[in-house]
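These notes concern the structure reproduced below.
Readers should treat all values here as calculations from the given coordinates under stated rules, not as data from a laboratory. The model shown is predicted, which means the values in this text are computed figures rather than measured ones. Virtual Cβ from ideal backbone geometry, glycine too; neighbours counted across all protein chains shown.
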Amino acid sequence: MSQRKTALVTGSTSGIGLAIAERFATDGFNVVLNSYTDDGQDHALAAELSERHAGAVVYIQADMSKPDRCQALVAAAAERFGTVDVLVNNAGIQHVAPVEEFAPEKWDAIIAINLSSAFHTIAATVPLMKKAGTGRIVNIASAHGLVASPFKSAYVSAKHGIMGLTKTVALELATHRITCNAICPGYVLTPLVEAQIPDQMKAHAMDRETVIREVMLDRQPTKEFATVEQIAATAAFLASDAAAQITGTHISVDGGWTAA
Ligand code: NAD
């Protein structure tokens, strides 16, 4: 029987990252969950996932804004499971402000967490993947990796940056059977987004469906959110044998946003 593979998903205690972690656990992988906190509930989440799936799920705390912690996360994952077969760079934060009012520390934090962390985890993981003779890197970018919106200068810059990193790493590793791709979600119904709906309903005096269609999904032609499960399924596809010749590119899951 072939050995169980290991997936490391950064920023995976909620939303898209958690759904990706759950999907890889369902597909029989060992999984490393990660966030910057070190609460009982982080480890309980890993234990609960572990209980429901055949592979082991562990939580490893590491702040993705810190280069040495990104490297330490990969080292700890490899120590626990022997290697990292699939690396998913998902950790991300947002801040919205006009460029002239954008706090420099917010800029630095977004570039560090949304872009530089992927460089550090990739640099630490590639030697393991080269040794294994194969590997998959999936970067969670955004529609904002392809197009801009006002007041999101750091986020849009970081997401455009990760698209360039994805293509460069793919070219460097093309003959090593290691692929590197990005997923570009539009609006995804994460708990964070769901929590904003009641406030928007009140502010606009609209019902839930109208708020979703006309306020939140203004730029998403299907007028439907993508789901975390759909993003997770796309990550699983990029990690599958069927995607072996897909590298240096992205898959948009944005309801047509970037077609316009
Ligand atoms: P979320 O807030 O639900 O999850 C983010 C995760 O990252 C959490 O587990 C959080 O603990 C973790 N995290 C934050 N800062 C961290 C740090 N310093 N170190 C380690 N972990 C950290 O957000 P989400 O909506 O699931 O977003 C996940 C990714 O998907 C992000 O990269 C985001 O930019 C991207 N994305 C989201 C949407 C959307 O509509 N939700 C759309 C496009 C792209």
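Based on the Cβ-Cβ distance of Gln41 and Glu224, what FRET efficiency does E = 1/(1 + (r/R0)^6) give at R0 = 30 Å, to the nearest 0.05?
The computed FRET efficiency comes out at 0.45.
Report ³J(HN,Hα) in whole Hz for each residue of the stretch 239-244, in order, from the Karplus equation J = 6.51 cos²θ - 1.76 cosθ + 1.60 where θ = phi - 60°; Gly and Pro get x.
8, 8, 4, 4, 9, 4
Mind sorting Lys202, Lys152 by how few other Cβ atoms lie within 10 Å of their own Cβ, fewest first?
Ascending Cβ contact count within 10 Å gives the list Lys202, Lys152.
Relative to the longest principal Cα axis of the chain, at what angle does helix 40-52 sit, 0 to 90 degrees, rounded to 10?
70
Give me the one-decimal nm value for the distance between modelled label points at Ala75 and Arg4, 7 Å along each residue's Cα-to-Cβ direction.
A separation of 2.5 nm, rounded to one decimal place.
Note the full-extension length gain between Ala244 and Ala103 as 0.36 nm times their separation in residues minus their Cα-Cα distance, in nm to one decimal.
Length difference between fully extended and current span is 46.6 nm.
Ranking request for peptides 68-78, 206-216: highest mean number of other beta-carbon atoms within 10 Å first, then the rest in descending order.
The most tightly packed comes first, giving 68-78, 206-216.
Would you calculate a helix-derived [θ] at 222 nm for the chain, using -39,500 (n - 2.57) for each DSSP H run of n ≥ 4 and dividing by the full residue count, to the nearest 500?
It comes out at -13000 deg cm²/dmol, rounded to the nearest 500.
Mind pulling the per residue volume of the convex hull built on the Cα atoms of the chain? Å³ is fine.
Residue-normalised Cα hull volume stands at 134 Å³.
Return the distance in nm (one decimal) between the two label points of a simple spin-label model at Thr258 and Ser14, each offset 7 Å from Cα along Cα→Cβ.
2.5
Once both labels are modelled 7 Å past Cα along the beta-carbon direction, what's the Ser149-Phe237 spacing in nm?
In this crude spin-label approximation the distance works out to 2.3 nm.
If one takes the longest principal axis of the Cα atoms in the chain, at what angle in degrees, from 0 to 90 and to the nearest 10, does the Cα axis of helix 67-81 lie?
50
Excluding same-chain pairs closer than 8 in sequence, count the lysine pairs in the stretch 12-163 whose Cα atoms lie under 25 Å apart.
6
What list do you get for Arg136, Arg52 if you sort them by fewest beta carbons within 10 Å?
Arg52, Arg136
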